[in-house]
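The block underneath contains the structure these notes are about, expressed in structure tokens.
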Amino acid sequence: MAIPVIDFSKLNGEDRAKTMAQIANACQESGFFQLVNHGIPVELLERVKKVSSEFYKGEREENFNKSKEVDLLDESSEKLENVDWEDVITILDDNEWPSKTPSFQETMKEYRFELKKFAEKVMQVMDENLGLPKGYIRKALNDGDGDNAFFGTKVSHYPPCPHPERVKGLRAHTDAGGVILLFQDDKVGGLQVLKDGEWIDVQPLPNTIVINTGDQIEVLSNGRYKSAWHRVLSPVHGIRRSIASFYNPSLKATIAPAPQLVEKTNQQVEQTYPKFVFGDYMSVYVQQKFLPKEPRFQAVKAV
């Protein structure tokens, strides 16, 4: 079984209906799919790979080799249940940027600009597939017509691990937010998705963007689209690069199932999820990220 690979450019041609159906099915069945021909310049993606690798080698690798993760793995023969074998930073446009890697700031700002536009195109496809007004999901995540959503980018590297059977690169979880866009390594695998009780590899492919839906898309769609459990295995050989961008709600945004998916002509569909403020949900999520997600929806404070 493989994660669907979908040609995004075919939305503009005679295969539009088929492509829309492929995306809808992927959102419903696995919550993960890969997009090719997405319109993000390959030249930009190549620069992102280059500066990310240079950044890790020049500014992060030495410190990771002295990190608590390395020490814990050296000191114990037990499985490390509460540790991730991951070097990670989160970047925003206004954060303090790495200073020793030429072009890192310039390249990543350009990449984030393109990814944010692309995320909004993907959300418009979801709107249409769900029968929602154009821009509905974007507006929900932005808490209105403004530009209030959180758009963060997590740059991660997973170094070779001497005991990959004892520690995960990243423990199994669902993502808290909205739409996640991942530019993963095209040589070193390790990302897996849980489907029907089985862990499925998200196959490394050059210059694709992996899309997955977070918990808030599950709520907005009233459960039609599910956030997927996923994890990263620790690599044995090579350094895995992973650049995940998160289009998440504003902390003040009120999230609830779209009325169009609860109210149907002459019938009422059960509203499966509560109405809540995203900041309240995050307070629960940070404590329960690696635990079953259903109790999070029930524990969050209702508006």
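Dividing the Cα radius of gyration of the chain by 2.2 N^0.38 Å, with N the residue count, gives 1.01.
Largest GNM mean-square fluctuation among Ala140, Ala21, Ala176, using the chain with Cα springs under 10 Å: Ala21. Straight-line cross-link reach from Lys10 at under 20 Å between alpha-carbon atoms covers these aspartates and glutamates, not counting any fewer than eight positions away in the same chain: Glu114, Glu120, Asp127, Glu128. When the listed pairs Lys66/Lys187; Lys100/Lys168; Lys49/Lys116; Lys18/Lys187 are checked against a 24 Å cut-off, the alpha-carbon distance exceeds it for Lys66/Lys187; Lys100/Lys168; Lys18/Lys187.
By definition, a body whose alpha carbon gyration tensor gives a ≥ b ≥ c is prolate when a/c is 1.5 or more and a/b is larger than b/c, and segment 137-206 fits this prolate description.
Each residue, Lys109 and Lys57, gets one label point 7 Å from its Cα in the Cβ direction; the gap between the two is 2.5 nm. If a paramagnetic tag sat 7 Å from the Cα of Glu29 along the Cα-Cβ line, which residues of segment 201-236 would have the backbone N under 18 Å from that point? Only 201-203, 210-213, 224-229 fall inside the zone, counting backbone N under 18 Å. In the chain, taking the dipole from charged Cβ atoms about the Cα centre, the farthest positive-side position among Ile239, Trp85, Tyr285 is held by Tyr285. Using the Cβ-Cβ distance between Lys50 and His237 with R0 set to 22 Å, the FRET efficiency works out to roughly 0.60.
Here the sum of -39500 (n - 2.57) over DSSP H runs of 4 or more residues, divided by the residues of the chain, equals -9500 deg cm²/dmol at 222 nm, to the nearest 500. Whole angstrom only: what separates the Cα centroid of segment 73-92 from the Cα centroid of segment 225-248? Rounded to whole Å, the Cα centres lie 14 Å apart. Cα-Cα over 21 Å: which of Lys226/Lys252; Lys57/Lys154; Lys195/Lys289; Lys109/Lys139? In this structure, Lys226/Lys252; Lys109/Lys139 exceed 21 Å between Cα atoms.
Values quoted throughout were computed directly from the atomic coordinates according to the rules given, and no laboratory measurement underlies them. The structure presented is a predicted model; accordingly, all values stated were derived computationally and were not measured. Reconstructed Cβ throughout: ideal geometry from the backbone, glycine too, with neighbour counts over all protein chains shown.
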